[in-house]
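Comments concern the structure below.
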Amino acid sequence: MVVGEATQSFFRDTWVEVDLSAIEDNIRGVKELYQDKEMTIMAIVKADGYGHGALEVSRAALDAGATFLGVALLDEALKLRKGGIDAPILVLGRTRPTDVQLAVMHNISLTVYQLDWVEEAQKHLQPTDTLKVHMKLDSGMGRIGLREKKEIDEIIEALSASNTIKLEAIFTHFATADEQDLRYFQEQYQRFLTMLEWIQAKGITVPYIHCGNSATALRFPDKTFNMIRFGISMYGLTPSLEIKAELPFQLKQAFSLRCRLTHVKKLPAGEAISYGATYRTTEDEWIGTLPIGYADGWLRYHASNGGYVLVEGEEAPFVGRICMDQCMVRLPKKFDVDTVVTLIGKDKGNEISMDDVAVRLNTINYEIPCVIGPRVPRTYYRQKELVSVKNIK
Ligand SMILES: *Cc1c(COP(=O)(O)O)cnc(C)c1O
């Protein structure tokens with residue numbers, strides 16, 4: 001990969017590189033895991049593809065064998081349609097029942113879990129409309145979903161009587177599938193099975209049943225029915241550190257974050273760096289300035305807990321507070337202005353992984369790419385070749 005070759009199409013020296021080949025390989029990896037089984041892969045591309053770019057990731061995932069897409073919001077589904085994606089899409093969160101016409105028009109499946117919703121939605125559907133819905137069961141996540149037998153029976157009856165709403169799937173979501181302690185996972189799984197029995201007892205069958213996020217899909221292939229909702233690991237990231245060592249194949253991290261040095265200077269001992277003058281040089285030091293700050297999602301916390309970047313493979317720690325648009329590092333030696341700096345990713349045999357950065361911020365890897373804002377252009381690579389660039393307009 002020629003680092004930074006995409007900088008022709010935007011005008012700042014900070015960018016994300018998304019390796020679409022890695023995303024494709026991660027999809028192929030999970031497909032192979034299920035080679036003996038009929039399994040539909042729903043690629044989860046909510047939150048702009050976990051910050052990677054929903055359209056580009058969707059296209060790559062569909063190319064590699066995913067056939068369904070999942071998003072959190074109707075707006076996100078509509079954006080995919082606008083971008084020319086015609087694969088089936090499920091909205092995982094609640095959509096207003098007054099907006100079901102939009103879902104019908106664009107062939108978008110919605111999540112249902114309230115009888116009132118079904119009744120209200122029907123008022124907004126024409127007799128010839130077909131709205132596809134996935135029924136969400138709350139087996140113990142406590143977020144959204146049906147819990148009681150009575151409410152499940154009622155909604156099943158309403159859906160059976162409906163000519164416009166078609167039940168396409170039943171699903172649930174696990175709270176602890178990424179933990180070593182599997183007791184709560186087992187409990188949730190058993191509750192889901194019981195709920196499915198209630199529904200089957202009413203003579204209802206559906207095309208899809210799904211409960212597998214990445215952790216479940218990778219660890220328990222015999223508990224995922226006929227569809228998985230593959231999110232974090234499609235991006236090459238482990239669902240948690242505690243199961244990283246037991247993943248069934250090598251995931252490939254797709255996201256790197258880089259910039260170029262905008263200023264390099266040598267300071268004598270005793271000079272202060274950044275707001276609050278919290279850092280002082282203790283000897284002659286080479287200080288480099290980076291064109292990224294908290295307004296880009298590079299949060300102020302990066303400067304504490306030993307945060308550093310890579311410059312030609314060498315570590316350079318943050319010094320002083322991170323500003324809105326810039327920050328400073330102590331360089332191990334003199335580097336030229338325009339030298340490429342790696343904040344996340346591989347550089348000359350060294351690497352700062354998403355997990356390293358997440359640990360530094362005392363959070364999970366999911367959060368890191370999501371908060372790198374739209375002001376940072378996304379550049380897309382396939383087989384190390386630049387294929388497209390997405391920048392704010
Ligand atoms: C985000 C989400 C997923 C994907 O989870 P990963 O851990 O990223 O694989 C699956 N299902 C639901 C309901 C979600 O909200």
**Item:** Among T205, V112, A161 - extreme Cα towards positive end, dipole of the stretch 111-225, charges at beta-carbon
**Value:** T205
**Complete:** Over all viewing directions the Cα convex hull of the chain casts an average projected area in nm² of 20.9 nm²
**Message:** Please report the antiparallel percentage of the DSSP beta bridges confined to the chain, to the nearest 5.
**Reply:** 55 percent
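How many percent of Cα pairs in the stretch 65-146 exceed 20 Å?
Result for the distance tail: 32 percent.
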**Complete:** Taking only Cα atoms of the stretch 330-384, the Rg to Rh ratio with Kirkwood Rh works out at 1.00
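What value, in deg cm²/dmol to 500, does the helix sum -39500 (n - 2.57) over DSSP H runs of n ≥ 4 give at 222 nm once divided by the residues of the chain?
-7500 deg cm²/dmol
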**Item:** Cα-based reach from K223 at 15 Å (exclusive), listing aspartates and glutamates while leaving out same-chain residues under 8 positions away
**Value:** D36, E38, D178, E187
**Asked** Taking the Cα-to-Cβ direction at Q190 and at N163 and moving 7 Å from each Cα, how far apart do the two end points lie in nm?
**Response** 4.5 nm
**Kirkwood Rh and Cα Rg combined as Rg over Rh, evaluated for the stretch 285-393** = 0.95
**Message:** Charges at C-beta only: +1 for Lys and Arg, -1 for Asp and Glu. How large is the resulting dipole of the stretch 41-141 about its Cα centre, in Debye rounded to 20?
**Reply:** 80 debye
**Prompt:** For the stretch 186-262, which semi-axes, largest first and in whole Å, follow from the square roots of 5 times the eigenvalues of its Cα gyration tensor?
**Reply:** 35, 14, 10
**Prompt:** So for K150, K223, K244, what's the accessible-area order with a 1.4 Å probe, most first?
**Reply:** K150, K244, K223
**Asked** Considering the dipole of the chain built from charges on the beta carbon (Lys and Arg +1, Asp and Glu -1) around the Cα centre, which of G293, T238, M227 is farthest to its positive end?
**Response** G293
**Request:** Relative to the longest principal axis of the C-alpha atoms of the chain, give the angle of the C-alpha long axis of helix 54-64, reported between 0 and 90° and rounded to the nearest 10°.
**Result:** 70 degrees
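May I ask you to compute the full-extension gain from A245 to K348, defined as 0.36 nm times their residue separation minus their alpha-carbon distance, rounded to one decimal in nm?
34.6 nm
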**Prompt:** Rounded to the nearest 0.05, what FRET efficiency do F11 and A175 have when you use their Cβ-Cβ distance and R0 = 51 Å?
**Reply:** 0.70
**Complete:** Rounded to one decimal in nm, the spacing of the 7 Å Cα→Cβ label points at E154 and V337 is 6.9 nm
**Request:** Mind giving me the nanometre distance, one decimal, between the label points for E385 and A295, set 7 Å out from Cα along Cα→Cβ?
**Result:** 3.7 nm
**Message:** Once R0 is set to 35 Å, what does the formula 1/(1 + (r/R0)^6) return for the Cβ-Cβ distance between T67 and E271, expressed as a FRET efficiency to the nearest 0.05?
**Reply:** 0.05
**Item:** Top positive-direction residue, dipole computed over the chain with Cβ charges, set M324, S304, N350
**Value:** M324
**About the Cα centre, charge dipole magnitude for the chain (Lys/Arg +1, Asp/Glu -1 at Cβ), debye** = 560 debye
**Complete:** Quick calc, I392 & H106: beta-carbon distance into FRET formula, R0 25 Å, rounding 0.05, result 0.50
**Message:** Let me spell out the model: positive unit charges on the Cβ of Lys and Arg, negative unit charges on the Cβ of Asp and Glu, origin at the Cα centre of the stretch 86-177. What dipole size does that give, in debye rounded to 20?
**Reply:** 220 debye
**Asked** Using alpha carbons only, how many degrees (0 to 90, rounded to 10) separate the axis of helix 183-201 from the longest principal axis of the chain?
**Response** 30 degrees
**Request:** Report the paramagnetic label zone for R375: residues of the stretch 308-346 whose backbone N is under 17 Å from a point 7 Å from Cα along the Cα-to-Cβ axis.
**Result:** 321-328
**Rounded to 10°, Cα long-axis angle of helix 149-161 versus longest principal axis of the chain** = 70 degrees
**Message:** Nearest 5 percent is fine: what portion of the DSSP beta bridges confined to the stretch 153-292 is antiparallel?
**Reply:** 60 percent
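The values are calculated or read from the model by the stated rules, or taken from the named source; none is laboratory data. Values in this document were obtained by computation on a predicted structure and should not be read as measured data. With ideal geometry, Cβ positions are generated from the backbone for all residues, glycine too; neighbour counts draw on all protein chains shown. Surface areas here come from the heavy atoms of the whole protein model, side chains and all, with no ligands, DNA or RNA. Shrake-Rupley method; radii C 1.70, N 1.55, O 1.52, S 1.80 Å.
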